[in-house]
Amino acid sequence: VSLLRRAAAGLIASGAVRYVVVTAPAEEVDRFRAELEGLADGAAAGEGGRCGGIEVVAGSPRSRQASVALGLAAALAAVPHADVVIVHDAARALTPPEVTQRVIAAVRAGHEAVVPALPVTDTVKEVEARQTGEVEPVVGTPRRDRLRAVQTPQGFETSVLVAAHRAGAERAGDEALAASDDAGLVEACGGSVVVVAGDELAMKVTTPMDLALAELLLERQTAQGERPAGGCGEN
């Protein structure tokens, strides 16, 4: 089961997501659609939630921020009156449905932007950035008890996220300038962002070591008789 399918299935399994939009490289749209085939049908049959559909649209080659803006537009075209929008990474494919539920519940409780996060266990140093391979002078050591490692899905009042993307649109043309997450766009507009508990399973799978760990975790879940995260009962 691909990371993409697991991530989408995990959202549906929360029972709180009405519609899923996936952004894909333009040349991969058909392949992504094939990867997701049948997920919404399973949800309608009661296997994972009450999702009304899954749509794949072409993202932007310019930046993640620009791709999210395109996905947001497609989501609102499909569900015009949605009051909550969440933004997720396919790379966090093992995210438990409970994390999605917590995020959405916090938005509905009155918080305009919500991110799941975990306390940072490493000491973090701020450095003066240099070229790769050069020594980098340390310029500060933030207090670890005030640091959180942010995950996804991130949740927003729809109007807040739309306004944040509109205000930050000029940044979207260059990945170096674009926001690394959508909560950052809300912060840049002076909005309020709060944190809820994340989960260690919401790890980001980006390196071979990450992938090996994800496979190990799934094997352990299977051995213990649990349904693999995002698996929707598939083999």
Rounded to whole Hz and in sequence order, give me ³J(HN,Hα) for the range 176-191 from the Karplus expression 6.51 cos²θ - 1.76 cosθ + 1.60, θ = phi - 60°, writing x for Gly and Pro. 5, 9, 5, 5, 7, 8, 6, 4, x, 5, 5, 4, 5, 8, x, x
With only helices counted (DSSP H, runs n ≥ 4, each -39500 (n - 2.57)), the per-residue ellipticity at 222 nm for the chain, to the nearest 500, works out to -10500 deg cm²/dmol
The chain: Cα Rg divided by the 2.2 N^0.38 Å rule of thumb: 1.04
As a test, work out the antiparallel percent of DSSP beta bridges whose residues both lie in the range 82-235, rounded to the nearest 5. 75
From the phi of every residue in the range 18-33, what ³J(HN,Hα) in whole Hz does the Karplus formula 6.51 cos²θ - 1.76 cosθ + 1.60 yield, where θ is phi - 60° and glycine or proline is x? 7, 7, 10, 10, 10, 9, 9, x, 3, 6, 10, 4, 5, 5, 5, 4
Radius of gyration and maximum dimension Dmax of the range 77-134, Cα, Å: 17.4, 52
With Rg from the Cα atoms and Rh as the Kirkwood inverse mean 1/r over Cα pairs, the range 1-102 has an Rg/Rh of 0.93
Amide H neighbours of VAL56 at under 5 Å, excluding residues fewer than 5 places away on the same chain, with H built from the backbone geometry, are VAL22
Can you tell me the Rg and Dmax of the range 48-116, counting just the alpha carbons, in angstroms? 13.1, 36
Could you give the dipole magnitude of the chain about its Cα centre, charging the beta-carbon of Lys and Arg +1 and that of Asp and Glu -1, in debye to the nearest 20? 420
Residue-normalised accessible area of the range 1-87, given per residue in Å² at a 1.4 Å probe: 47
Percent breakdown of C-alpha pair distances by 5 Å bin, ordered from the shortest bin, for the range 139-235: 2, 10, 15, 14, 16, 15, 13, 9, 5, 1
From zero outward in steps of 10 Å, how is the percent of C-alpha pairs of the range 154-203 spread across the bins? 23, 48, 25, 3
Enumerate the amide H contacts of VAL194 below 5 Å, restricted to partners 5 or more residues apart or on another chain; note that Pro and chain-start residues carry no placed amide H. ALA113, VAL114, VAL115
To the nearest 20 debye, what is the magnitude of the charge dipole of the range 61-124 about its Cα centre, counting +1 on the Cβ of each Lys and Arg and -1 on the Cβ of each Asp and Glu? 140
Using amide H atoms built 1.01 Å from N in the peptide plane, name the residues 5+ places from VAL205, or on other chains, whose amide H lies under 5 Å from its own. ARG92, ALA93
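The values are calculated or read from the model by the stated rules, or taken from the named source; none is laboratory data. Only a predicted model underlies this, so the values are computations on that prediction, with no experimental measurement involved. So basically every Cβ, Gly included, is an ideal-geometry build from the backbone, and we count neighbours across all protein chains shown. What goes into the accessible areas is simple: the full protein's heavy atoms, side chains included, and nothing from ligands, DNA or RNA. Shrake-Rupley method; radii C 1.70, N 1.55, O 1.52, S 1.80 Å.
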